[in-house]
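*Asks:* Structure below; questions to follow.
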Amino acid sequence: MRASKKAYDIIQEFEGCRLDAYQDSVGVWTIGYGHTKTAKKGMRIDRREANRLLLEDVARHAKGVASLLKVDVNQNQFDALVSFAFNLGVGALSKSTLLRKLNNGDAVGAAAEFNRWVYAGGKKLNGLVRRRDAERKLFES
(Lines give C-alpha, C1' and ligand atoms only; values in the text may rest on other atoms or scores of the structure.)
Protein backbone atom coordinates (compact mmCIF):
# COMPACT_ATOMS: atom_id res chain seq x y z
CA MET A 1 0.00 0.00 0.00
CA ARG A 2 0.95 3.62 -0.44
CA ALA A 3 0.05 6.55 1.73
CA SER A 4 -2.80 8.65 0.39
CA LYS A 5 -3.48 12.37 0.62
CA LYS A 6 -5.08 11.82 4.04
CA ALA A 7 -1.75 10.69 5.52
CA TYR A 8 0.03 13.67 4.01
CA ASP A 9 -2.67 16.02 5.30
CA ILE A 10 -2.30 14.85 8.91
CA ILE A 11 1.49 14.89 8.74
CA GLN A 12 1.62 18.36 7.22
CA GLU A 13 -0.95 19.74 9.65
CA PHE A 14 0.78 18.52 12.77
CA GLU A 15 4.42 18.79 11.69
CA GLY A 16 4.08 22.19 10.07
CA CYS A 17 6.81 23.35 7.72
CA ARG A 18 9.90 25.07 9.01
CA LEU A 19 12.60 25.97 6.54
CA ASP A 20 15.28 26.58 9.19
CA ALA A 21 16.50 23.64 11.26
CA TYR A 22 15.27 23.54 14.84
CA GLN A 23 15.34 21.15 17.77
CA ASP A 24 12.02 19.44 18.45
CA SER A 25 10.47 18.92 21.89
CA VAL A 26 13.01 16.22 22.75
CA GLY A 27 16.04 17.94 21.18
CA VAL A 28 16.19 16.20 17.78
CA TRP A 29 17.29 18.44 14.89
CA THR A 30 14.38 18.76 12.48
CA ILE A 31 13.61 20.67 9.28
CA GLY A 32 10.81 20.91 6.73
CA TYR A 33 7.81 18.75 7.59
CA GLY A 34 9.35 16.87 10.49
CA HIS A 35 12.38 15.63 8.58
CA THR A 36 15.13 14.42 10.93
CA LYS A 37 17.32 12.08 8.88
CA THR A 38 19.69 14.75 7.50
CA ALA A 39 18.67 17.79 9.55
CA LYS A 40 21.43 19.60 11.41
CA LYS A 41 22.08 22.86 13.19
CA GLY A 42 22.21 25.87 10.85
CA MET A 43 20.58 24.05 7.94
CA ARG A 44 18.15 25.98 5.71
CA ILE A 45 16.02 24.66 2.84
CA ASP A 46 13.36 26.02 0.51
CA ARG A 47 9.74 24.87 0.20
CA ARG A 48 10.54 22.68 -2.82
CA GLU A 49 13.19 20.78 -0.85
CA ALA A 50 10.80 20.46 2.11
CA ASN A 51 8.21 18.87 -0.19
CA ARG A 52 10.81 16.51 -1.70
CA LEU A 53 11.94 15.39 1.75
CA LEU A 54 8.34 14.87 2.81
CA LEU A 55 7.66 12.60 -0.18
CA GLU A 56 10.76 10.52 0.58
CA ASP A 57 10.05 10.33 4.31
CA VAL A 58 6.41 9.32 3.88
CA ALA A 59 7.33 6.67 1.30
CA ARG A 60 9.97 5.23 3.65
CA HIS A 61 7.55 5.14 6.59
CA ALA A 62 4.76 3.64 4.46
CA LYS A 63 7.12 0.85 3.39
CA GLY A 64 8.03 0.24 7.03
CA VAL A 65 4.39 0.12 8.12
CA ALA A 66 3.48 -2.26 5.29
CA SER A 67 6.29 -4.61 6.32
CA LEU A 68 4.85 -4.87 9.86
CA LEU A 69 1.25 -5.66 8.94
CA LYS A 70 0.07 -9.27 9.12
CA VAL A 71 -3.58 -8.41 8.46
CA ASP A 72 -5.36 -6.50 5.74
CA VAL A 73 -6.17 -2.89 6.58
CA ASN A 74 -8.18 -0.29 4.74
CA GLN A 75 -6.60 2.85 3.28
CA ASN A 76 -7.64 5.04 6.23
CA GLN A 77 -6.14 2.61 8.74
CA PHE A 78 -2.94 2.50 6.73
CA ASP A 79 -2.74 6.29 6.49
CA ALA A 80 -3.26 6.66 10.25
CA LEU A 81 -0.47 4.16 10.90
CA VAL A 82 1.85 5.97 8.49
CA SER A 83 1.28 9.27 10.31
CA PHE A 84 1.86 7.52 13.65
CA ALA A 85 5.10 5.93 12.41
CA PHE A 86 6.24 9.20 10.82
CA ASN A 87 5.94 10.88 14.21
CA LEU A 88 7.25 8.10 16.46
CA GLY A 89 9.27 5.88 14.15
CA VAL A 90 8.62 2.50 12.61
CA GLY A 91 10.56 0.94 15.50
CA ALA A 92 8.13 2.31 18.07
CA LEU A 93 5.20 1.01 16.04
CA SER A 94 6.85 -2.40 15.68
CA LYS A 95 7.05 -2.82 19.48
CA SER A 96 3.64 -1.32 20.25
CA THR A 97 0.56 -2.94 21.73
CA LEU A 98 -1.33 -1.06 19.01
CA LEU A 99 0.35 -3.14 16.30
CA ARG A 100 0.09 -6.38 18.30
CA LYS A 101 -3.65 -5.90 18.75
CA LEU A 102 -4.14 -4.99 15.11
CA ASN A 103 -2.17 -7.99 13.87
CA ASN A 104 -4.23 -10.20 16.21
CA GLY A 105 -7.41 -8.99 14.52
CA ASP A 106 -8.46 -6.52 17.23
CA ALA A 107 -8.84 -3.25 15.29
CA VAL A 108 -11.07 -1.75 18.01
CA GLY A 109 -8.44 -2.45 20.67
CA ALA A 110 -5.73 -1.12 18.37
CA ALA A 111 -7.63 2.13 17.88
CA ALA A 112 -7.82 2.62 21.65
CA GLU A 113 -4.02 2.46 21.85
CA PHE A 114 -3.46 5.71 19.93
CA ASN A 115 -4.31 7.72 23.06
CA ARG A 116 -1.39 6.24 24.97
CA TRP A 117 1.20 7.89 22.69
CA VAL A 118 0.84 11.51 23.77
CA TYR A 119 4.06 12.00 25.75
CA ALA A 120 7.43 13.40 24.68
CA GLY A 121 10.29 13.70 27.11
CA GLY A 122 7.96 12.47 29.85
CA LYS A 123 5.49 15.33 29.31
CA LYS A 124 1.98 15.09 27.93
CA LEU A 125 1.81 17.42 24.92
CA ASN A 126 -1.45 18.94 23.68
CA GLY A 127 -0.22 18.75 20.09
CA LEU A 128 0.29 15.00 20.44
CA VAL A 129 -3.14 14.60 22.04
CA ARG A 130 -4.70 16.34 19.03
CA ARG A 131 -2.59 14.36 16.55
CA ARG A 132 -3.41 10.99 18.10
CA ASP A 133 -7.09 11.95 18.14
CA ALA A 134 -6.95 12.78 14.42
CA GLU A 135 -5.08 9.54 13.66
CA ARG A 136 -7.55 7.49 15.69
CA LYS A 137 -10.54 9.09 13.96
CA LEU A 138 -9.00 8.36 10.57
CA PHE A 139 -8.14 4.79 11.65
CA GLU A 140 -11.74 4.18 12.75
CA SER A 141 -13.28 5.58 9.56
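*Asks:* How big is the gap, in Å, between the Cα center of the range 5-52 and the Cα center of the range 78-127?
*Replies:* For the range 5-52 versus the range 78-127, the Cα centre distance is 21 Å.
*Asks:* From the square roots a ≥ b ≥ c of the eigenvalues of the alpha-carbon gyration tensor of the chain, which class results: rounded (a/c under 1.5), prolate (a/b over b/c), or oblate?
*Replies:* Prolate shape, in that a/c is at least 1.5 and a/b is the bigger ratio.
*Asks:* Write out the trypsin sites (Lys or Arg not before Pro) in the range 14-43 meeting two conditions: DSSP loop, and at most 11 other Cβ atoms within 10 Å of their Cβ.
*Replies:* Sparse-neighbourhood loop trypsin sites (Lys or Arg not before Pro): 37, 40, 41.
*Asks:* So, one more: Taking the 0 to 90 degree range and rounding to the nearest ten, how far is the long axis of helix 75-88 tilted relative to the main principal axis of the chain, both from C-alpha atoms?
*Replies:* With both axes taken from Cα atoms, the answer is about 50 degrees.
*Asks:* How far is helix 47-68 tilted, in degrees, relative to the longest principal axis of the Cα atoms in the chain, given as a value from 0 to 90 rounded to the nearest 10?
*Replies:* In the chain, helix 47-68 runs at an angle near 30 degrees to the longest axis.
*Asks:* Which of the lysines could a cross-linker bridge to residue 70, judged by Cα under 19 Å and excluding same-chain residues fewer than eight apart?
*Replies:* 95, 101
*Asks:* What is the percent carbon and sulfur in the accessible area of the range 1-108, measuring with a 1.4 Å probe over the protein chains and ignoring ligands?
*Replies:* Using a 1.4 Å probe with all protein chains present, the range 1-108 comes out at 48 percent carbon and sulfur.
The values are calculated or read from the model by the stated rules, or taken from the named source; none is laboratory data. Quick caveat: nothing in here was measured; it's all calculated off a predicted structure. All Cβ positions, glycine included, derive from the backbone under ideal geometry; neighbour counts span all protein chains shown. The area values use the complete protein model at the heavy-atom level, side chains included, leaving out ligands, DNA and RNA. Shrake-Rupley method; radii C 1.70, N 1.55, O 1.52, S 1.80 Å.
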